[in-house]
1. Looking for something charged (D, E, K, R), within 25 Å of the chain's Cα centre (by Cα) and at pLDDT 90 or above - is there at least one such residue anywhere in the stretch 278-295?
2. Report yes if some residue within the stretch 270-277 is modelled with pLDDT under 60 and hydrophobic (A, V, I, L, M, F, W, C); otherwise report no.
3. Residue pairs, Cβ under 6 Å, 6 or more apart or interchain, first in the stretch 268-292 and of a type in the set (Lys, Arg), second at pLDDT 75 or above. List them.
4. Please give the number of the condition Gly43 fails out of (1) loosely packed, with under 15 Cβ neighbours inside 10 Å; (2) in contact with a Ser or Thr (Cβ under 9 Å, 6 or more places away or on another chain); (3) at pLDDT 65 or above.
5. In the stretch 128-175, what residues are touching a residue at least 24 places away in the same chain (Cβ under 8 Å) and among the polar types (S, T, N, Q)?
6. Of all residues in the stretch 167-179, how many are in contact with a strand residue (DSSP E or B) (Cβ under 8 Å, 6 or more places away or on another chain) and at pLDDT 90 or above?
Amino acid sequence: MSTITYPSAGSWINSCLVSANSYKILSNEEETAASCLESGEAGIERLGGEHHYARVAASQDKQEAWMVLFEANAPEMHRLSQVLEEVQVHQLYQNGFFWPFDLTWDRAVKGYLIHPIDTVRFQPIRSFLGKVDAPRWQLSQSLFQRLDTLHTAGLSLGGFAREQVRVDTVSQQVCFWPSETCAQSRQETKGYRKGGYLCIPQTLTQKAADCGWPLDGQIRDLFSAAVLSFYLLFFTHPFVGSAYWSLMRESYKVQYQNYPDYIFDPEGNNHLGFLDFEQEILKQWNRTIPELRSLFDGLFLEVLHPDTAEHDPHAPHWNASRWAELLALDFQTNGAPEMQSKYPFEMIKNYQV
């Protein structure tokens, strides 16, 4: 972070999007240097390296906000400004995105402006995982609806991590935070670098590239959403069975030095048994409408086996709105089954997604 210049208290910085916008810096350099969104001081979690912020006040309404500092060259700033100008910021706000509402650039000082998040109302998605009484179908449907809004605007997050997904406890809708990784949807991307088990491992990215199939941001978004949705609905990572096991298990081990949890697996990998709970979930999977199961199968097989599965960009599993539609239909058809057994938390020492 030594290459990032901290602004001085009392100074002003101008928007590089709207010429009339300017912001007064409220934090001094020491406060800004000490601030770190990952440290828990701000009550939120963020990924992707250190993010230091300064408190600022807008010249128009005096409302305080955060200016998150970053280092970027001119082309990167140009990309960010294009994204922010193109997507009609306020429309995305209304559709569940916490979006940088302005971009500042004053020689050495660069930053994007964001509103602090209400961490009581907007709970992390991890608090809903493994909960049999959570609105699992509603959250999964909302997740794909958010992506549909983003993709319709021609944008993507390039894949996302669990910590980027929050739930509005009032509306029971999914929101993305932070969303500054957003870029043009169809450009090839390296993906969110700390996405964990929601993101495509580098070994598979390279395998797809070798097969002439660059993984763009929209593909990565849908992969992340499909994995998270599977966790929500079936309480386990989706890569089980002969089609996925050896390839994904070792790919994750190489990249993340650990394995995700597979509770469907009767062989007891990760020291998990085949208990009553797992049998109930397996019945739920078999009861799921065939069209929804086909989306899961089609997407995962295509990503995991680009050398044998032909890539069809128009396939239903690459359409976020189709996912949302079938999740709603599955809920109407099957409902949320009442679980007779409890999720075996005591058996899972490293519950990760």
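1. Start the filter on the stretch 278-295 by keeping residues that are charged (D, E, K, R), which leaves 278, 280, 283, 287, 291, 293.
Restricting the remaining residues to those that are within 25 Å of the chain's Cα centre (by Cα) gives 291, 293.
When the remaining residues are screened for being at pLDDT 90 or above, the result is 291, 293.
So far as the stretch 278-295 goes, yes, one or more of its residues are charged (D, E, K, R), within 25 Å of the chain's Cα centre (by Cα) and at pLDDT 90 or above.
2. Taking the stretch 270-277 first, the residues modelled with pLDDT under 60 are 270-274.
Still in the running and hydrophobic (A, V, I, L, M, F, W, C): 272, 274.
Scanning the stretch 270-277, I find at least one residue that is modelled with pLDDT under 60 and hydrophobic (A, V, I, L, M, F, W, C), so the answer is yes.
3. Once the first residue is of a type in the set (Lys, Arg) and sits in the stretch 268-292, its partners that are at pLDDT 75 or above give Arg287/Asn334.
4. (3)
5. Within the stretch 128-175, Gln138, Ser140, Gln141, Ser142, Gln145, Thr149, Ser156, Gln164, Thr169, Gln172, Gln173 meet the criteria.
6. First, pick out the residues of the stretch 167-179 that are in contact with a strand residue (DSSP E or B) (Cβ under 8 Å, 6 or more places away or on another chain): 167-169, 173-179.
Those still in the list that are at pLDDT 90 or above too: 167-169, 173-174.
Within the stretch 167-179, residues that are in contact with a strand residue (DSSP E or B) (Cβ under 8 Å, 6 or more places away or on another chain) and at pLDDT 90 or above number 5.
The values are calculated or read from the model by the stated rules, or taken from the named source; none is laboratory data. These numbers come from a predicted model, not from an experiment. Backbone-built Cβ (ideal geometry, glycine too); neighbour counts: all protein chains shown.
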